[in-house]
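The values are calculated or read from the model by the stated rules, or taken from the named source; none is laboratory data. Quick caveat: nothing in here was measured; it's all calculated off a predicted structure. Cβ placement follows ideal geometry from the backbone for every residue including glycine, while neighbour counts extend to all protein chains displayed. Side chains are part of the model used for accessible areas, which takes the heavy atoms of the whole protein and leaves out ligands, DNA and RNA. Shrake-Rupley method; radii C 1.70, N 1.55, O 1.52, S 1.80 Å.
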Amino acid sequence: MARTRFLTPELIVRTALEVGDRGGAEAMTMRRIAAELGCDPMALYRHFANREALFDAIADLAVAEVRDADLRMPWDERISVTADAIREAALRHPGITAHLAARPPMGENGRRIAAGVLGALGAAGLPQATAVRSFQTLMAYLASSLAMAVQAGARDRRWEQVRDMVNELPGAAAPGEELLVVGSAEQFQFGLRLLLAGIRAEAAPGR
């Protein structure tokens with residue numbers, strides 16, 4: 001066990017992220033994090049008001065890997081690239097993925113990413129109110145997609161049951177075999193394209 005004499009918020013957050021990377025969400029307990037730091041769990045509360053505050057900081061560190069999109073790119077590509085990067089960063093850190101889905105980070109990195117997405121929505125030509133609501137919708141979609149990705153599976157028995165149900169619906173417009181795996185990257189990309197198409201329609205002249 002490492003023995004740390006001087007704790008800092010930065011050290012705690014970085015160590016906690018590493019604990020989650022190795023052990024997943026089950027390892028993300030205050031006791032386990034404190035043990036990794038070689039301190040009493042109560043020592044963590046001298047730097048963070050509660051577990052939620054610590055996890056908010058861990059989530060913000062996780063998305064530090066998300067780079068700002070190139071401003072020369074079209075607005076929709078900027079959003080798509082950013083959303084992909086957020087999803088990939090979240091899934092690289094399984095210990096904090098579920099928290100990221102429940103509470104999008106609002107620290108330094110979260111604010112930087114939000115500013116980039118809002119800037120892209122502004123570049124689309126949306127009115128300010130519509131841009132803010134579109135941003136909220138995109139974040140909600142990303143959060144729900146991350147929550148599903150935590151449990152992402154394969155074409156298992158449940159998938160087969162849903163496929164069969166779709167095939168049996170009267171007047172079904174498409175075969176159930178076209179269903180994507182819940183939480184998969186393919187499902188995420190398809191839904192994101194639909195959202196961006198809707199935003200594009202909102203920004204169309206004469207709307």
*asked:* Tally up the residues in region 52-70 that are free of Cβ contacts under 8 Å to residues at least 24 places away in the same chain and closer than 24 Å to F188 by Cα, please.
replied: 2
*Just name the residue that is farthest from M30 (Cα to Cα) out of those in region 40-60 that are under 23 Å from the mean Cα position of the chain (by Cα) and among the charged types (D, E, K, R).*
D60
*Among the residues of region 54-62, is any over 26 Å from R112 (Cβ atoms), modelled with pLDDT of 95 or more and in contact with a helix residue (DSSP H, G or I) (Cβ under 9 Å, 6 or more places away or on another chain)?*
no
*asked:* Being more than 23 Å from the chain's Cα centre (by Cα), closer than 27 Å to L91 by Cβ and basic (K, R) narrows it down to one residue among R103, R193, R163, R112; which is it?
replied: R163
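Conditions tested, residue by residue: (1) part of a helix (DSSP H, G or I); (2) loosely packed, with under 12 Cβ neighbours inside 10 Å; (3) among the small types (G, A, S).
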residue: G119; (1), (2), (3): yes, no, yes
residue: M139; (1), (2), (3): yes, no, no
residue: S145; (1), (2), (3): yes, no, yes
residue: V166; (1), (2), (3): yes, no, no
residue: L180; (1), (2), (3): no, no, no
*Quick one: would you say A123 is of a type in the set (A, V, I, L, M, F, W, C) and modelled with pLDDT of 95 or more?*
yes
_Given the options R155, R193, name the one that is open to solvent by 50 Å² or more (accessible area, probe 1.4 Å) and outside any helix (DSSP H, G or I)._
R155
*Looking at region 85-95, is at least one residue closer than 25 Å to E18 by Cβ, touching a helix residue (DSSP H, G or I) at 6+ places or on another chain (Cβ under 7 Å), open to solvent by less than 50 Å² (accessible area, probe 1.4 Å) and of a type in the set (K, R)?*
yes
*Select, from S145, S80, the only residue that is in contact (Cβ under 8 Å) with a residue 60 or more places away in the chain and within 30 Å of A201 (Cβ to Cβ).*
S80
_All positions within region 17-51 that are small (G, A, S), in contact (Cβ under 8 Å) with a residue 60 or more places away in the chain and open to solvent by less than 30 Å² (accessible area, probe 1.4 Å)_ = G20, G24, A27
*Complete set of residues in region 121-133 that are over 16 Å from I86 (Cβ atoms), in a helix (DSSP H, G or I) and open to solvent by less than 50 Å² (accessible area, probe 1.4 Å)*: G122, T130, A131
*Run G153 past the list (1) within 21 Å of S184 (Cα to Cα); (2) within 14 Å of the chain's Cα centre (by Cα) and report the number of the one that doesn't hold.*
(2)
*Tally of residues being at pLDDT below 95 and part of a helix (DSSP H, G or I) across region 101-110*: 2
